[in-house]
1. Could you identify the single residue in VAL117, VAL157, VAL141, VAL86 that is in contact with a His (Cβ under 8 Å, 6 or more places away or on another chain) and free of Cβ contacts under 8 Å to residues at least 24 places away in the same chain?
2. When you look at VAL10, is it β-branched (Val, Ile, Thr), out of contact with any strand residue (DSSP E or B) (no Cβ under 6 Å at 6 or more places or on another chain) and on the phi < 0 side of the Ramachandran plot, yes or no?
3. Could you check segment 11-27 and list, in sequence order, the residues that are more than 14 Å from ARG83 (Cα to Cα) and either of a type in the set (Val, Ile, Thr) or part of a loop (DSSP other than H, G, I, E, B) (or both)?
4. Can you name the number of the only condition in (1) free of Cβ contacts under 8 Å to residues at least 60 places away in the same chain; (2) out of contact with any Gly (no Cβ under 8 Å at 6 or more places or on another chain); (3) not in a loop (DSSP other than H, G, I, E, B) that ARG76 fails?
5. For segment 119-131, which residues satisfy the criterion of being crowded, with 19+ Cβ neighbours inside 10 Å and under 19 Å from ALA52 (Cα atoms)?
6. List pairs: first residue in segment 173-188 and closer than 12 Å to THR12 by Cβ, second residue of a type in the set (Gly, Ala, Ser) and part of a strand (DSSP E or B) anywhere in the structure, Cβ distance under 8 angstrom, at least six positions apart or on different chains.
Amino acid sequence: MTIAPSILYVGTPVALLATENPDGTANLAPMSSAWALGQVVVLGLGPEGQTAANLAARPDLTINFPAPDQWRAVERLAPLTGRDPVPASKPRFRYEPEKYAAAGLSPAPADLVGPPVVAECPLQLEARAVVVRHDAAEEFVIVEARVLRVHADPDIVVPGTQHVDPARWSPLIYNFRHYFGLGEERGHSFRSETPTMWPSAPSKGL
């Protein structure tokens, strides 16, 4: 059948973007329009948000990926904006300058960029925006950010390697405005560098 959904969030990871405000404080915003090309992450942002304004002037950012059980912290951020006054396009939002505290999350210093990482997120990327432009319809802002450094919780890294263990890492997924985690592994790509089932946490009941 043919349908016309209002949004096309078919299931993508949630990311928390930390950027630098004009006064040097940090803005933190949730988003789910992100995908990677090698060491570049492409982000889709609303044009009137504080994140887009910050990146147009100050290109450093951190991209933080929460785990599924952190969805409530993400949702506490969802109705907040760093813009004051609140843009007319965001009638259900409210201005909040202290977003980390409002979400119950903790900033931690990054190594190479100014904005902090989110300490509670198991996977954190330090990055720098190299392209900030409007999309083809001029409704959104597209950012191409080069990743400078990756931080991972040791529990999700294959021991002795540089690889994230896909059996241990599960991102928070935004699926048509509902939150999900990953299910059981069904297989792997022929290009996988971790094709063997590495020792993981034992299943419940075993």
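1. Details: VAL117 fails: free of Cβ contacts under 8 Å to residues at least 24 places away in the same chain; VAL141 fails: free of Cβ contacts under 8 Å to residues at least 24 places away in the same chain; VAL86 fails: in contact with a His (Cβ under 8 Å, 6 or more places away or on another chain).
Just one listed residue meets the conditions, VAL157.
2. Details: β-branched (Val, Ile, Thr): yes; out of contact with any strand residue (DSSP E or B) (no Cβ under 6 Å at 6 or more places or on another chain): yes; on the phi < 0 side of the Ramachandran plot: yes.
When the stated conditions are applied, VAL10 passes them.
3. Taking segment 11-27 and keeping what is more than 14 Å from ARG83 (Cα to Cα), we get 11-18, 24.
Those that are more than 14 Å from ARG83 (Cα to Cα) and either of a type in the set (Val, Ile, Thr) or part of a loop (DSSP other than H, G, I, E, B) (or both): THR12, VAL14, GLY24.
4. (2)
5. Those that are crowded, with 19+ Cβ neighbours inside 10 Å and under 19 Å from ALA52 (Cα atoms): LEU125, GLU126, ALA127, ALA129.
6. Filtered contacts from segment 173-188: ILE173/GLY11; TYR174/GLY11; ASN175/GLY11; PHE176/GLY11; PHE180/GLY11.
The numbers here are math on the coordinates, done by the rules we state, and not lab data. The shown structure was predicted, so the numbers you read here are calculated from the model rather than taken from an experiment. Because the Cβ atoms are built from the backbone with ideal geometry, glycine has one as well, and the counts that use them run over all protein chains shown.
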